[in-house]
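Asker: This is the structure I have questions about; it appears just below.
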Amino acid sequence: MVYAISIILIGIGIYGLMTQKNLFKHLISLSIIDTAVNIFIIATGYVEGGKAPIYTKSLPNFAIGKFVDPLPQALVLTAIVIGVGTLAVGASLLVRIREKHSSIDVENMKGVEE
Amino acid sequence: MSALIWLAGGIMIVAAVFAVEAKKILDAVIAMSALSLVSVFLFIAMRAPDVAITEASVGAGLVTAVLLVTLFRMKGGDDK
Amino acid sequence: MISLLIAIPLLLAFVSVMWKRISKSLFFLAAIVNLIILLASWFPNGVEIHAMGNWKPPFGINLVLDNASFYAVLVVNAFFFLVSLMPKFVESYGTSLMLLMAAANGFILTGDLFNSFVFMEIMTITAVTIASKRDNFYNAFKYLILGGIAGSIYLLATIFAYTATGSLNMAHVSMAAISASSLIAITTLYTIGLGVEAKLFPLNGWVSGVYGGNDLAPVILGTSVSFAALYMVGRLFGTVFHGNGAEVLYTLALITIVAGEVAALRQQNILKAFAYSSVAQAGVVVAMISKGTAKSMGLAYFHLTNDAVAKFVIFLVAGFLVYNYKNLNGVFKKHKILGASFSMATFSLIGFPLFAGFQSKLRMIMALFSMKDFLFPAVMLLATLIEVGYVVRWNVRLWFEEETQEKAETPVVASTIALILAILLVAVFLKPEIFLNGAMKMGNALADSKDYIQGVLSVVKGGM
Amino acid sequence: MRRLYAILVGAGLVYMLFAFLGTISPYGNVNLSDRVSAHFLAKDVNSVDASKWVSGDKQIPSKMKVFGKKGFEDGSANVVTSIVVNYRSFDTLGEVTVLFASAVGVGLILGGTRRMRYGRKPNFILRVSTGILLPLIILFGVYIFVHGHLTPGGGFPGGTVIAAAVLLLYLSNEEFSLNMVVSKSLEGSMGSLYVIFGLIGLAVGGAFLFNFLPNGVVGSLFSAGVVPLVYMTIGLKVGSELSGVVAEIHEEREG
């Protein structure tokens, strides 16, 4: 069911990218897709009844089925940070697009060469 | 638990639709930030505290701040 | 040793933020050191791995150096070296170029699916930075968004592979028995994920804007980065998935060829015209890779090498012209050397005898005929016809039309490099072994997944 | 028309992904013994025969005590940390590089020299509370990345918290601007330090990013070999990098 949620979110993100004419919305849609993919990845590592993969005084022993899969979590840590990097570059590009073309709306931008 | 997850998912989907369709960019940024925050709950529910902390500080915190500052620099952006 | 190929440019890139002024020299240093390391490990003729942190595969991340990755890394680093010779070109992008070099090397060498995603993202971000040179912000933004989506889909594909096999190691995924429906899912997602960097049909909308927007981006992105991306297509669909999902790739590639050539013919801007031509050539290479035999893959990379060398010259010359002259009519009367190398490179592009392109195109068509594939040669001949159209048009316009403007200063280093590469193209026609041997070794290594699996997984401890 | 097309493409993609869902194990029903992570959890990668593992002999250890014990190949109590900074440390180097690349990119794209002003006087409460909160926030950030191998958290959230402190400074003081020379040197030196850790590993253990320090007892502060050192490096680097991004986004060009 978490899978379903994240897939629907991906769909909404794609829809937003294709319909919106404001470039800021594109960035936001991209960020929604990122979050959705992260949720999906974590969901693939969830084990029913498993605990967070940290050894503590009350959880000192290893056993299969006791912990959730730690590898997807490590991957998502990386993916989140990558998302931030992309977003920061995108935001700074938007600032400059606004300065150069005097708008960030695809329909109102002046002097755009594709 | 599963009812809570459905609730969180519902909120996220509504927030996502709102973020995509909102008339004002500011609202869209806030909705996106809300989506990030709710996803933190999902991460905790799926026993991923490391990811939850990172998403809370990075995804919901800094990214929103950076986008808001950008928006301020663009004088509120263009309304749709 | 091979980990140094990534570590040295990274280290120098980190150092270069502290001393911005010497970043160009550091870039040159990194390129030279990398070339020396590569010369020291010339064609390993086997599979060498470097297990990061001594965690053996499939548990840790490992770098793989075999004939395929060696040839790809060699070509990529050679282009970076050529760029580093032109400090005028690099400007303040030294740090970004070093990062791009490290990322391209890592992307090629890595034997881990998720690791390749990380390097792909570094490539995207640095490429966007480079693409934004000369205030080309809108196109850079489009590239960023498309690259971001492709990255997400690539990540999803990686996760599907992980859930199907339980590990992220390419060799392990390659040997694991994956169910057919699972394979369809994974290969479809990888096709979308790689489609942006490999310039496949519906996802190549960014190419003309990014390549046509400034002088540095096409030279480096159209040669090195595109070589790295197309290497990954061969590695994934050839070695890891044993040719599964190649039909989709083949169809998309054929559409890419036709669409790219038609767009190139209609284009009035010289940089953009050849950007579309580079899209079409990427289509040829992908279609050839999707045939899946060792020979077809070897020929694909032979063609790609020829194309990359020609494109390097073309983009170098065209970039210089576009940003120094308002009107390009007859400018080659003032720059005879640049003009000569440009013409040679464009003739190599259409596969004119006397130039390298002829060798690769002829060999590809022969190989396809022997495989009883007639559709692809027909498409390729049609594409060549269109190519002749625009190549002749551009050459006539640049050489013979009435000139109107003052002369700009000739860039000495750039024209020397262009001339040397153009002569290299002739040399390859006379003696195709210069590229062909390496490319064929690469094709064999890509097609031979048994050796790859053996070489990666049978190692007990990681060596240098 | 455009909307309909978008709905079609979006729905097509969603349908495709739903169809692909059948190929992965259902939610919450994962057998970890099929995956490499079982051995990351058990910290026994070195004793596993990899060639047998890939052909089906999973060699999973039965129940064993990990917390408070000595002599594992990786000593951090938080398994996610041990994957991020030890087993798959190379990914993390790449991740640090992504942030670095984007910081460089933001600098090159914006290239501002003058601090942007919000044009309104900062609130009194904001100014006073910043003075009180700032040390606490930075301390909290440092705590997060120093304890990354024991508790949830680590270099990335820790660094982000520090960057949030810098953002607070920007908001509360119109005159403040970050000393870019200091932040760039910190960023560059910390990044180099990470690569140098890797190169020391190459020299000592024969592999890049090799863990060359003793692992200690699982669960104590001084354990897990180079992991805390690397996390501190990452924390400082991410902190200075994201602070740099926050600063760059506040800089405008002259005129």
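Asker: Exactly one of these conditions fails for C:Ala177: (1) without any contact (Cβ under 8 Å) to a residue 40 or more places away in the chain; (2) within 27 Å of C:Glu91 (Cβ to Cβ); (3) open to solvent by 10 Å² or more (accessible area, probe 1.4 Å). Give me its number.
Answerer: Looking at each condition in turn, C:Ala177 falls short on (2).
Asker: Can you spot a residue in the stretch C:192-201 that is within 10 Å of chain D (Cβ to nearest Cβ) and buried (at least 24 other Cβ atoms within 10 Å of the Cβ)?
Answerer: No.
Asker: Still on this structure, please answer the following. When you go through A:Gly11, A:Gly16, A:Gly83, A:Gly90 one by one, which is the residue that is crowded, with 23+ Cβ neighbours inside 10 Å, at the interface with chain D (Cβ under 7 Å from one of its Cβ atoms) and within 15 Å of the chain's Cα centre (by Cα)?
Answerer: Sole residue among the options that is crowded, with 23+ Cβ neighbours inside 10 Å, at the interface with chain D (Cβ under 7 Å from one of its Cβ atoms) and within 15 Å of the chain's Cα centre (by Cα): A:Gly11.
Asker: Follow-up. Checking B:Thr70 against (1) over 20 Å from D:Gly155 (Cα atoms); (2) of a type in the set (Val, Ile, Thr); (3) at pLDDT 90 or above; (4) open to solvent by less than 40 Å² (accessible area, probe 1.4 Å), which test does it fail?
Answerer: (3)
Asker: When you scan the stretch C:340-350, do you find a residue that is modelled with pLDDT under 90, under 24 Å from C:Ile420 (Cβ atoms) and buried (at least 23 other Cβ atoms within 10 Å of the Cβ), even just one?
Answerer: Yes, that holds for at least one residue.
Asker: Next question. List every residue pair whose Cβ atoms lie under 7 Å apart, where the two residues are 6 or more positions apart in sequence or sit on different chains, the first residue falls within the stretch C:24-46 and is within 18 Å of C:Ala72 (Cβ to Cβ), and the second residue, located anywhere, is small (Gly, Ala, Ser) and open to solvent by less than 30 Å² (accessible area, probe 1.4 Å).
Answerer: From the stretch C:24-46, the pairs are C:Ala31/C:Ser84; C:Gly46/C:Gly455.
Asker: Among the listed residues D:Gly94, D:Gly119, which satisfies the condition of being within 30 Å of D:Leu167 (Cβ to Cβ) and within 10 Å of chain A (Cβ to nearest Cβ)?
Answerer: Only one candidate qualifies: D:Gly94.
Asker: Sticking with this structure for a sec: For a quick check of your reading of the model, give me the residue pairs whose first member lies in the stretch C:441-459 and is of a type outside the set (Val, Ile, Thr), whose second is surrounded by fewer than 20 Cβ atoms within 10 Å (Cβ to Cβ), with beta-carbon atoms closer than 6 Å and at least 6 apart or on different chains.
Answerer: Hits for this filter: C:Gly443/C:Ala294; C:Asn444/C:Ala294; C:Ala447/C:Ala294; C:Leu457/D:Ser51; C:Ser458/D:Ser51.
Asker: Name the one entry in C:Val379, C:Val392 that is in contact (Cβ under 8 Å) with a residue 24 or more places away in the chain and surrounded by 13 or more Cβ atoms within 10 Å (Cβ to Cβ).
Answerer: C:Val379
Asker: Taking only pairs six or more apart or across chains, which ones have beta-carbon atoms under 6 Å, a first residue in the stretch B:46-58 that is among the basic types (Lys, Arg), and a second residue that is surrounded by 24 or more Cβ atoms within 10 Å (Cβ to Cβ)?
Answerer: B:Arg47/A:Val68
Asker: To continue, here is another question. Which one of C:Glu247, C:Glu261 is away from chain A (no Cβ under 14 Å), open to solvent by 10 Å² or more (accessible area, probe 1.4 Å), more than 14 Å from the chain's Cα centre (by Cα) and not hydroxyl-bearing (Ser, Thr, Tyr)?
Answerer: Of C:Glu247, C:Glu261, the one residue that is away from chain A (no Cβ under 14 Å), open to solvent by 10 Å² or more (accessible area, probe 1.4 Å), more than 14 Å from the chain's Cα centre (by Cα) and not hydroxyl-bearing (Ser, Thr, Tyr) is C:Glu247.
Asker: For the stretch C:114-149, enumerate the residues that are over 18 Å from A:Ala88 (Cα atoms), open to solvent by less than 10 Å² (accessible area, probe 1.4 Å) and not hydrophobic (A, V, I, L, M, F, W, C).
Answerer: C:Asn115, C:Ser116
Asker: Considering only the stretch D:156-178, I want to know if a residue exists there that is open to solvent by 80 Å² or more (accessible area, probe 1.4 Å) and modelled with pLDDT under 85.
Answerer: Yes.
Asker: Could I ask something else about it? Yes or no: C:Asn204 touching a residue at least 60 places away in the same chain (Cβ under 8 Å), within 14 Å of chain D (Cβ to nearest Cβ) and under 24 Å from C:Ser132 (Cβ atoms)?
Answerer: no
Let's see how each residue does on (1) in a helix (DSSP H, G or I); (2) of a type in the set (A, V, I, L, M, F, W, C); (3) more than 7 Å from chain D (Cβ to nearest Cβ); (4) closer than 16 Å to B:Val38 by Cα:
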site	(1), (2), (3), (4)
A:His26	yes, no, yes, no
A:Ile33	yes, yes, yes, yes
A:Ile39	yes, yes, yes, yes
A:Tyr46	no, no, no, no
A:Gly49	no, no, yes, no
A:Ile64	no, yes, no, no
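Asker: In the stretch D:1-42, what count of residues is obtained for those that are closer than 14 Å to A:Gly11 by Cα and not in a helix (DSSP H, G or I)?
Answerer: Looking only at that region, the number is 0.
Asker: Within the stretch C:417-441, how many residues are farther than 19 Å from C:Lys361 by Cβ and open to solvent by 70 Å² or more (accessible area, probe 1.4 Å)?
Answerer: Residues meeting the conditions: 3.
Asker: Could you tell me whether C:Ser152 is at the interface with chain D (Cβ under 8 Å from one of its Cβ atoms), small (Gly, Ala, Ser) and either more than 17 Å from the chain's Cα centre (by Cα) or open to solvent by 10 Å² or more (accessible area, probe 1.4 Å) (or both)?
Answerer: No.
Asker: From B:Val14, B:Val38, grab the single residue that is open to solvent by 10 Å² or more (accessible area, probe 1.4 Å) and in contact (Cβ under 8 Å) with a residue 12 or more places away in the chain.
Answerer: B:Val38
Asker: Quick check on this structure: which one of D:Ser102, D:Ser37 is closer than 24 Å to D:Ala247 by Cβ, crowded, with 24+ Cβ neighbours inside 10 Å and at the interface with another protein chain (Cβ under 7 Å from one of its Cβ atoms)?
Answerer: Unique residue meeting the criteria: D:Ser102.
Asker: In the list D:Gly22, D:Gly68, D:Gly10, which residue meets the criterion of being open to solvent by 20 Å² or more (accessible area, probe 1.4 Å), at negative phi and not assigned by TED's automatic domain parsing to the domain that holds D:Val245?
Answerer: Result: D:Gly22 is the single residue among D:Gly22, D:Gly68, D:Gly10 that is open to solvent by 20 Å² or more (accessible area, probe 1.4 Å), at negative phi and not assigned by TED's automatic domain parsing to the domain that holds D:Val245.
Asker: Run D:Thr151 past the list (1) within 14 Å of chain C (Cβ to nearest Cβ); (2) open to solvent by 20 Å² or more (accessible area, probe 1.4 Å) and report the number of the one that doesn't hold.
Answerer: (1)
Asker: Ok, one more. Scan (1) surrounded by fewer than 24 Cβ atoms within 10 Å (Cβ to Cβ); (2) over 30 Å from B:Lys23 (Cα atoms) for the single condition A:Tyr55 breaks and write down its number.
Answerer: Going through the list (1) surrounded by fewer than 24 Cβ atoms within 10 Å (Cβ to Cβ); (2) over 30 Å from B:Lys23 (Cα atoms), A:Tyr55 breaks only (1).
Asker: Can you tell me which residue is nearest to the other protein chains (Cβ to nearest Cβ) among those in the stretch C:402-460 that are in a helix (DSSP H, G or I) and of a type in the set (S, T, N, Q)?
Answerer: It comes out as C:Gln454.
Asker: Step by step: first the residues of the stretch D:25-34, then only those that are without any contact (Cβ under 8 Å) to a residue 12 or more places away in the chain and within 7 Å of another protein chain (Cβ to nearest Cβ), then the one that is surrounded by the fewest Cβ atoms within 10 Å (Cβ to Cβ). Which residue is that?
Answerer: D:Asn29
Asker: Checking the conditions here, which among C:Ile257, C:Ile220 is in contact with a Gly (Cβ under 9 Å, 6 or more places away or on another chain), of a type in the set (Val, Ile, Thr) and within 30 Å of C:Phe342 (Cα to Cα)?
Answerer: C:Ile257
The values are calculated or read from the model by the stated rules, or taken from the named source; none is laboratory data. Since this is a predicted model, take the numbers as computed values, not measurements. As a convention, Cβ positions derive from the backbone with ideal geometry for all residues, glycine included, and neighbour counts pool all protein chains shown. Only protein heavy atoms, including side chains, enter the accessible area calculation; ligands, DNA and RNA are left aside. Shrake-Rupley method; radii C 1.70, N 1.55, O 1.52, S 1.80 Å.
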